Amino acid sequence: YVGNWQHDLRHGRGKMSFSSGDVYIGDYVKGERTGKGETHFASGNKYVGIYLRGEQHGFGIYTWNNVATYEGLWEHSERVGKGIYRRENGDEYVGEWQGNQLHGKCVIKYANGSLFDGYFEEGKMHGDAVEVNEAGIRTECSYVNGERHGTFKEFDREGNLIASGEYNQGKRIEK
């Protein structure tokens, strides 16, 4: 550890290199990472944001080794509340999080131009949703545990109804 001390505890700004290869640079309060800081993980991942008693807690940005980023709220080192998850391929998830999973209202804009606007429960699509595919076909449907389930309607780009029916546990039922 290189940095400030107070009463034999890390206190103020400092840099800590861990045996794991992780490096933390930031604020300490009474020996614990608290305040603004950043951790560069040995894996190549990085977190820049607020810490509270050694945990990611408050607003922060986590980068997974140039594969994806999450920008939003953290509580006890888990994604919570509103946040944006962006994948390297251009997919963007804007929504509510709980326990590191999408949970609540979410809008997903896929790199191919398609869109999901609906709800998640414990990381799975669950509830009413509107989807638009890359061809502009709009589908109004519902999900249960990550699978389409219940009635649906499909509309073309001009808003004309082109199909309707039901899904049962992800399988389309033809009428």
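Of the strands (runs of 3 or more DSSP E) that lie entirely inside the stretch 18-75, those containing 3 or more residues that are in contact with a strand residue (DSSP E or B) (Cβ under 8 Å, 6 or more places away or on another chain), modelled with pLDDT of 95 or more and farther than 21 Å from residue 94 by Cβ span 23-29, 32-40, 46-52.
Filtering the stretch 39-81 to residues that are over 16 Å from residue 22 (Cα atoms), surrounded by 15 or more Cβ atoms within 10 Å (Cβ to Cβ) and charged (D, E, K, R) leaves 71, 75, 78, 79. Selection of the stretch 13-48 for residues being in contact with a Gly (Cβ under 7 Å, 6 or more places away or on another chain), without any contact (Cβ under 8 Å) to a residue 24 or more places away in the chain and under 12 Å from residue 1 (Cβ atoms) yields 13, 14, 15, 24, 25, 33. For the stretch 108-123, a residue qualifies if it is open to solvent by 40 Å² or more (accessible area, probe 1.4 Å), part of a strand (DSSP E or B) and in contact with an Asp or Glu (Cβ under 9 Å, 6 or more places away or on another chain), and the qualifying residues are 109, 115, 117, 119.
When the test is whether a residue is in contact (Cβ under 8 Å) with a residue 24 or more places away in the chain and out of contact with any Cys (no Cβ under 9 Å at 6 or more places or on another chain), residue 60 does not pass it. The residues of the stretch 144-175 that are under 15 Å from residue 130 (Cα atoms), out of contact with any strand residue (DSSP E or B) (no Cβ under 7 Å at 6 or more places or on another chain) and in a strand (DSSP E or B) amount to a single one, 147. Whether any residue in the stretch 152-165 is within 18 Å of the chain's Cα centre (by Cα) and either of a type outside the set (Ser, Thr, Tyr) or within 30 Å of residue 41 (Cβ to Cβ) (or both) is what I want to check. No, the conditions are met nowhere in the stretch 152-165. Just name the residue that is nearest to residue 116 (Cα to Cα) out of those in the stretch 132-157 that are among the acidic types (Asp, Glu) and open to solvent by less than 60 Å² (accessible area, probe 1.4 Å). That would be 154. Within the stretch 1-17, being part of a strand (DSSP E or B) and of a type in the set (D, E, K, R) holds for 10, 13, 15.
The values are calculated or read from the model by the stated rules, or taken from the named source; none is laboratory data. Keep in mind that this is a model prediction, so the values were computed, not measured. All Cβ positions, even for glycine, are placed from backbone atoms using ideal geometry, and neighbour counts span all protein chains on display. Keep in mind that these areas ignore ligands, DNA and RNA; they rest on the heavy atoms of the full protein, side chains included. Shrake-Rupley method; radii C 1.70, N 1.55, O 1.52, S 1.80 Å.
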